[in-house]
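So the structure is just underneath, and the comments pick up after that.
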Amino acid sequence: MAAATSLCCVLPVLTPNLSKPLLPPLSSRPQKRRRFITSVAEDREIVPVSQDRGTRLREGEGFHPSQPHTESELPPRLTSSSTVNAIIVLGFGTFAVTKLLTIDHDYWHGWTLYEILRYIPEHNWIAYEQALKSNPVLAKMAISGIVYSIGDWIAQCYEGKPIFEFDRARLLRSGLAGFTLHGSLSHYYYQICEALFPFQEWWVVPAKVAFDQTVWSAIWNSIYFVVLGLLRFESLTNIYGELKSTFFPLLTAGWKLWPFAHLITYGVVPVEQRLLWVDCVELIWVTILSTYSNEKSETRISEAASETRSSTSSKSSKE
């Protein structure tokens, strides 16, 4: 009885202590967390978010955007395109050199190396003259097609593209214009020019040069621009605008090159051989033509792309 009485006396004393929670009250926890977060934020440097943050972070990790990419770092599509271009150039170059060097392969057995090298240029020239006699238009078309393709390639390299990263479609368009139009039209033009000036006086050569650099240059430059524009599937309005803006600058640019070359064309070179000489000079002129023709188009395409991006970004910002 005494023990029970003592136990009853002790329980009220222990009960308040057992009912107390072991953890601090919930109301006090957020204050400690806020104080902890505030102290951490004060100790760390806050970096403002900007558009070039990714660039700065990558630079801090050792990435330098200005460093040129190696071939392994280039996108797969770019490297594959360069490989295809290299195969095309090396293939055609190997074929052309092989055809030129093996002109006498049927009967050069027993010849010395000196005899082979001695007769290769002469026999290639004889084969070219025979092609001019058998099919003059096709021979001149082939020469102009090759020259206009090489000229556009030179123009693309001059514009800053690596040697094997040229635009194949652009090169094909220029070569197609040279093959289908320049070779055939030039063949008939030089015959018409001789019919218009059938004289032998001293003034005939300057007259032919003046006629060439006014009438014929204006006609051919216009044809070249229109054909390339149509092959790029551009509208007639854009083609006319580009032709109008580049017609006189291109015509006057030709006056710095062609009058001196055409003194040889009309004064020394025979009629049937004139296109070959002209095409040799065309390697320089096609570079200028192709640059003029594609510069306006590429500028307009880039401007249209930038306008599209700006309109898209403005719409997204409004939303």
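The C-beta contact set for the stretch 167-180 (first residue surrounded by fewer than 21 Cβ atoms within 10 Å (Cβ to Cβ), second residue aliphatic (A, V, I, L, M), distance under 9 angstrom, 6+ apart or interchain) comprises ARG168/VAL84; ARG168/ILE88; ALA169/LEU231; LEU172/LEU231; LEU176/VAL227; LEU176/LEU231; THR180/MET141; THR180/VAL227.
The sole residue among HIS123, HIS182, HIS187 that is more than 29 Å from ILE219 (Cβ to Cβ) and either out of contact with any strand residue (DSSP E or B) (no Cβ under 9 Å at 6 or more places or on another chain) or outside the structural domain of LYS99 (by TED's automatic domain parsing) (or both) is HIS123.
Right, GLN191: under 16 Å from ARG274 (Cβ atoms) and surrounded by fewer than 21 Cβ atoms within 10 Å (Cβ to Cβ) or not? Taking the combined requirement at face value, the residue satisfies it. TYR148 meets all of the listed conditions (1) closer than 20 Å to PRO259 by Cα; (2) within 18 Å of the chain's Cα centre (by Cα) but one, namely (1). Filtering the stretch 102-119 to residues that are assigned to a helix (DSSP H, G or I) and under 25 Å from PRO136 (Cβ atoms) leaves only TYR119.
Looking only at the stretch 73-84, decide whether some residue is at pLDDT 85 or above and not polar (S, T, N, Q). Yes: one or more hits. Within the set GLU165, GLU194, the sole residue that is at pLDDT below 90 and out of contact with any Asp or Glu (no Cβ under 9 Å at 6 or more places or on another chain) turns out to be GLU165.
Going residue by residue through the stretch 140-148, is there one that turns out to be hydroxyl-bearing (Ser, Thr, Tyr), in the same structural domain as ARG232 (by TED's automatic domain parsing), touching a Gly at 6+ places or on another chain (Cβ under 6 Å) and under 17 Å from ASN294 (Cβ atoms)? There is at least one residue in the stretch 140-148 that is hydroxyl-bearing (Ser, Thr, Tyr), in the same structural domain as ARG232 (by TED's automatic domain parsing), touching a Gly at 6+ places or on another chain (Cβ under 6 Å) and under 17 Å from ASN294 (Cβ atoms).
The values are calculated or read from the model by the stated rules, or taken from the named source; none is laboratory data. Source: prediction; values computed, not measured. Neighbour counts are summed over all protein chains in view; Cβ atoms, including those assigned to glycine, are modelled from backbone coordinates with ideal geometry.
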